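K.L.:
Let me begin by handing over the structure; questions about it come next.
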Amino acid sequence: MQSIGYGHNDFITSVAWDKFGNLFVGANGPNDSWVDEFAPGQGMQFRRISAGINDPAFLATDDEDNLYVGNLGPMESGSAL
C-alpha cells in the first residue's frame, strides 16, 4: 500500500477511481482547490486539475474515462471541465 501526503492546511474532500485503477483525490487548501490523479501504486500525482475546481465535494468516473466533479463552491464565469 502506498500513502499520499498533503500539507497540514490541505483537506481531502473526495476520492474516486477509474477503470484503470487511477485514483482521483479532490482537495482544498487555504487559498485554492484541485483534483490530483495518481497512477496505481504511486504516491506522487502525475496530474493536477485546478481550472474550474472549487471545493470538490463529489468525484465520479464513467466507462468512457470521463471525470465528473461536483463543486460546492461557486464556479468562475466561463469555467468548464
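The values are calculated or read from the model by the stated rules, or taken from the named source; none is laboratory data. These numbers were taken from a predicted model, which means no experiment stands behind them. Note: ideal-geometry Cβ built from the backbone for every residue, glycine included; neighbour counts use all protein chains shown.
K.L.:
Which condition from (1) exposed (fewer than 13 other Cβ atoms within 10 Å of the Cβ); (2) part of a loop (DSSP other than H, G, I, E, B) is the one that residue 52 breaks?
P.N.:
Looking at each condition in turn, residue 52 falls short on (1).
K.L.:
Restricting the search to segment 13-35, which residues are small (Gly, Ala, Ser) and over 14 Å from residue 72 (Cα atoms)?
P.N.:
Selection gives 16, 21, 29.
K.L.:
Exactly one of (1) at pLDDT below 95; (2) outside any loop (DSSP other than H, G, I, E, B); (3) surrounded by fewer than 17 Cβ atoms within 10 Å (Cβ to Cβ) is unmet by residue 13. Its number?
P.N.:
Status for residue 13: all satisfied but (3).
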